[in-house]
Amino acid sequence: MTHKIDIKNLNLYYDEFHALKSVNMVVGEKNIIALIGPSGCGKSTLLRTINRMNDLIEGVRITGEVFLDGNNIYDPGMDLYELRKRVGMVFQRPNPFAKSVSENVAFGLRVAQFKNKKKIAEIVERSLRAAGLWDELKDKLNRPALDLPLYQQQRLCIARLLAVEPEVILMDEPCSALDPIATMKIEEMMVELKRNYNIIIVTHNMQQAARVSDLCGYMLLGEMIEFNKTSEIFTNPRDKRTQDYITGRFG
Ligand SMILES: Nc1ncnc2c1ncn2[C@@H]1O[C@H](COP(=O)(O)OP(=O)(O)O)[C@@H](O)[C@H]1O
Ligand SMILES: [Mg+2]
């Protein structure tokens, strides 16, 4: 059976530093996966391997495989533009472009040489709706995105991804710059989105992982210590190190 994502014996080195150690992880269809663990354990590094964002970092060496729908994304023939369209990413700090709200959402379509204005407007609306922003922003489509409050900027960045119809959405601590109300809204949106997308979220907030995720991976010093159903991780961890972390004895 082909999995959406199948990470096999993945190692990553930053020069001499062994940052990911034989990581294995299998993701089926349409789940929210949370990656947790103390700062510096490799969560962001692992997330970035899934759309080859680490390729942009000097001195990175990778061994092992990351299969997306059965194809190894590290095969030499991989089209990185296509890959990053299929596997989109949201970061800690929202990073909208210095353009209007609608131009931000339409950005990927323009890059893809989309010309049909009516169709673009439809996709902008659909994407903003999916990100829970349409009602808030429908009268502000021409306003500069950078004038929006952070919580709207972050959801706008998500809408920008949705416009190009990704299959997987990677989120690296997407709520760390947001207050609890804005965080709750993002979490509600994630639960909506998982009907159509696979989501992998890095979070240092264990309560968030417990609230939103279906599967959860606990990482420590570059290793995937335990990867299991979220309910199991939080109520019945198999590994003593997971238990120490989730009970607050460590980390
Ligand atoms: N660009 C880089 N160059 C060298 N070392 C890095 C780089 N990025 C991360 N690291 C190191 O790799 C380890 C994992 O980092 P990271 O994936 O950012 O952890 P996390 O997201 O869990 O906090 C850390 O020890 C960090 O210092
Ligand atoms: Mg990180």
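Structure above, values below:
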item: Cβ-Cβ under 9 Å pairs, at least 6 apart or on other chains, region 33-45 side touching a residue at least 12 places away in the same chain (Cβ under 8 Å) and near ligand 1 (Cβ under 6 Å from one of its atoms), far side part of a loop (DSSP other than H, G, I, E, B) and among the charged types (D, E, K, R); result: Lys43/Glu173; Ser44/Glu173
item: Failed condition for Ser102, given (1) buried (at least 18 other Cβ atoms within 10 Å of the Cβ); (2) not in a helix (DSSP H, G or I); result: (2)
item: Some residue of region 221-241 being buried (at least 22 other Cβ atoms within 10 Å of the Cβ), under 14 Å from Ala34 (Cβ atoms) and hydroxyl-bearing (Ser, Thr, Tyr); result: no
item: Number of the exception - Cys175 against (1) out of contact with any Pro (no Cβ under 9 Å at 6 or more places or on another chain); (2) within 16 Å of ligand 2 (Cβ to nearest atom); (3) closer than 25 Å to Lys99 by Cβ; (4) in contact (Cβ under 8 Å) with a residue 40 or more places away in the chain; result: (4)
item: From Ile123, Ile199, residue being outside any loop (DSSP other than H, G, I, E, B), out of contact with any Phe, Trp or Tyr (no Cβ under 6 Å at 6 or more places or on another chain), away from ligand 2 (no atom under 16 Å from the Cβ) and free of Cβ contacts under 8 Å to residues at least 60 places away in the same chain; result: Ile123
item: Any hit, region 178-187, residues being within 16 Å of ligand 1 (Cβ to nearest atom), among the hydrophobic types (A, V, I, L, M, F, W, C) and farther than 17 Å from Arg86 by Cα; result: no
item: Among (1) under 30 Å from Lys240 (Cα atoms); (2) modelled with pLDDT under 95; (3) not aromatic (Phe, Trp, Tyr), the one test that Gly77 misses; result: (1)
item: Hits in region 1-38 (condition: assigned to a loop (DSSP other than H, G, I, E, B), surrounded by 16 or more Cβ atoms within 10 Å (Cβ to Cβ) and within 16 Å of ligand 2 (Cβ to nearest atom)); result: Gly37
item: Candidates Asp139, Asp75, Asp135, Asp69, filtered to the one that is within 20 Å of Lys30 (Cα to Cα) and charged (D, E, K, R); result: Asp69
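The values are calculated or read from the model by the stated rules, or taken from the named source; none is laboratory data. Because the structure is predicted, anything quoted here is derived from the model rather than measured. Note that we place each Cβ from the backbone using ideal geometry, even for glycine, and neighbour counts take in every protein chain shown.
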